[in-house]
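Heads up: the structure comes next, in structure tokens.
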Amino acid sequence: MVSKKLWRLLVEVKKATEITFILVGDHRQCAPVENEGVENYFDHPAVKYLSNNNLCELTIMKRYNQELWDALEDVDTVEVSKYGSKICKRNICYFNVTRKHVNHLIMNQCKPADALFSAAIDGDKYSQDIWIYRGLPLIARWTDKKVFVNNEYFVVDEIKDNIVVCHSERTDNDDKPYIHVFSIKSECLQKVCQLLFNSSQMSRRNNS
């Protein structure tokens, strides 16, 4: 995301100070937002000058499992059967239809017999039928001042007379942790919160 103007300034700094620069980047990341049409910034004269014409390419995978990395190089050819099937309570997906499907599977496994049913909100394509019970993980869909903030994680503590009591873990101005609690009517819960079994779609949508 370094602009042409900033590259020029860095070059001038090096000329004036002879400071040593260490540049870190990945050529497969998104290209900078500019109109220069540079095909490869690693070969750009400014980058070579700042790095004293040195280039060190890391070849040993440190952040990822090498087998999974190789599989992700061509996801259309992955043999999903070799990885087995495992039900997890925290998942990642791309499509909302997948999020709802995963949520439904886990809800059916985790909900107790006395769970409180909450129907999907009419006209809300992100909503779905859920069962509310103690221990249910939730994520806030938007911000309402000090009550909850967008993408804040909550857990249901109690359901009494159709009132749902939830808590989240926060830190104060001195970085000390504390428990934040709020109550809401069960019929309003889905207006402010969504399931956290699979939250990637909800987080991505709310942050965009």
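Nothing in this text is a laboratory measurement; each read-out follows from the coordinates by a stated rule. Fair warning: this is a prediction, and the values are worked out from it, not measured in the lab. Neighbour counts run over all protein chains shown; Cβ positions are idealised from the backbone, glycine included.
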### Summary
Hydrodynamic calc, the range 28-127: Kirkwood Rh from Cα pairs, then Stokes-Einstein at 10 °C with viscosity 1.306 mPa s, so D in µm² s⁻¹ is 82
### Summary
The answer for GluC sites (Glu not before Pro) in the range 1-109 that fall in a DSSP coil and have at most 16 neighbouring Cβ atoms within 10 Å is E18, E34, E36, E39, E57, E73, E79
### Task
At most 16 other Cβ atoms within 10 Å and a DSSP loop assignment: could you name the chymotrypsin sites (Phe, Trp or Tyr not before Pro) in the range 42-73 that fit?
Y64
### Task
On a C-alpha basis, how far is the centre of the range 79-97 from the centre of the range 136-192 in Å? Whole number, if you could?
27
### Residue exposure sequence - I60, I22, I132 - by fewest surrounding Cβ within 10 Å
I60, I22, I132
## Note on the structure
A student asked for the Cα radius of gyration and Dmax of the chain in angstrom ought to give 24.4, 73
### Message
Rounded to two decimals, what is the ratio between the C-alpha radius of gyration of the range 94-208 and 2.2 N^0.38 Å?
### Response
1.05
### Query
When the helix-only estimate is applied to the chain (DSSP H runs of n ≥ 4, each -39,500 (n - 2.57), divided by the residue count), what is the mean residue ellipticity at 222 nm, nearest 500 deg cm²/dmol?
-7500 deg cm²/dmol
## Note on the structure
D (µm²/s, integer) via Stokes-Einstein for the range 1-85, Kirkwood Rh across alpha-carbon pairs, 4 °C, 1.567 mPa s: value 81
### Query
Which one of W131, A115, V181 is farthest out on the positive end of the charge dipole of the range 96-207, using unit charges on Cβ (Lys, Arg +1; Asp, Glu -1) and the Cα centre as origin?
W131
### Query
For W7, W142, what's the fewest-to-most ordering of other Cβ within 10 Å of each Cβ?
W142, W7
### trypsin sites (Lys or Arg not before Pro) within the range 48-150: DSSP coil, no more than 15 neighbouring Cβ in 10 Å
K62, R63, K86, K89, R90, K125, R134, K145, K146
#### Entry: Subset of K100/K145; K4/K48; K145/K191 violating a 20 Å alpha-carbon distance limit
K100/K145
